[in-house]
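The values are calculated or read from the model by the stated rules, or taken from the named source; none is laboratory data. Model, not experiment: these values are computed from the prediction. Here Cβ is always computed from backbone atoms with ideal geometry, including for glycine, and neighbour counts include all displayed protein chains. Side chains are part of the model used for accessible areas, which takes the heavy atoms of the whole protein and leaves out ligands, DNA and RNA. Shrake-Rupley method; radii C 1.70, N 1.55, O 1.52, S 1.80 Å.
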Amino acid sequence: MNKNVVDLDDQMLADFRDEAHDIISAIDVHLQNARGKSDPAHLTSIQREVFNLRYKGKSVAAPLINLTSHRLADYVTTCKELNEGSIEDIQAFVDKIQSLLEGDMTAGGTDTAEFVRELPSKRAPDIDPNWLKKANVEALLVIPQRSMATILERELAACGYRSSVTQTSFEAIELAVRTRPDFIIVAKTIDELSGVDLANALQAMPKTRAIPTAVLTSDAPNHPSLQDLPCRTAIIRKGNAFGEDLAEALARFNIT
């Protein structure tokens, strides 16, 4: 590889490290302020900083930091308030990113699937996050609509399952490879790739073909738009059949 290219990559990584340190320091300040005084503005400021970190991380080879910031962004997006529990969770994310910034950001031989399962679970009302961690069953939801994703997350949390969400098909492929979830639920309509396309892509790759996948759709199972689904893909219908289809899919996947 051209030495100038290597030098440029190293410089970009060094610049990102400096910028990320500044962002993490800013989040730390907002957390300290939230401990002293309850104010919704603190959460808004933290969300802004986290999304900034996500944006900057996409340009460099820092997979563990990008995975952690994705989980943190997913967490703060669904966070309703900065109570004692959520402050503790966000601080755990911040501490993890800080330690990564001070070490090897390129992942090395780290098992990324085990790594992300040690991160805090999103908190759902009336559900103990320690129970989710103990169950250690992880779902990846590829759902562009945040409201639909929230409903599905709530249903899965009630079963004791952790979940992470992405709105894009291309990020879903990366997350599936790196985090190896126990199962994946994709919306039929996503972006340039449909849920059918994504299910076929995951089925085609040795790294992901063993991960059970279901498609969330408003269509009947025999609808022509679903005819190209891999035969092992489950179908979860929206509406009255949703709960029954979800339970049937989990039983079919032997998810317990």
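Some points to look at:
- Some residue of region 14-37 being outside any helix (DSSP H, G or I) and modelled with pLDDT of 90 or more: no
- Matching residues in region 47-75 - criterion: being assigned to a helix (DSSP H, G or I) and in contact with a Leu (Cβ under 7 Å, 6 or more places away or on another chain): VAL50, LEU64, ILE65, THR68, SER69, ARG71
- Residues in region 214-256 that are within 14 Å of ILE185 (Cα to Cα) and acidic (Asp, Glu): 2 in all.
- Condition met for ASP89 (surrounded by fewer than 18 Cβ atoms within 10 Å (Cβ to Cβ) and either part of a helix (DSSP H, G or I) or of a type in the set (A, V, I, L, M) (or both)): no
- A count restricted to region 167-183 and to residues that are β-branched (Val, Ile, Thr) and open to solvent by less than 10 Å² (accessible area, probe 1.4 Å) stands at 1.
- The test for being in contact with an Asp or Glu (Cβ under 6 Å, 6 or more places away or on another chain) and surrounded by 12 or more Cβ atoms within 10 Å (Cβ to Cβ) does not hold for ARG232.
- Scanning region 236-254 for residues that are among the aliphatic types (A, V, I, L, M) and open to solvent by 40 Å² or more (accessible area, probe 1.4 Å) returns ALA247, ALA251.
- Matching entry among SER38, SER99, SER25 (being in contact (Cβ under 8 Å) with a residue 24 or more places away in the chain, more than 27 Å from GLN167 (Cα to Cα) and surrounded by fewer than 15 Cβ atoms within 10 Å (Cβ to Cβ)): SER38
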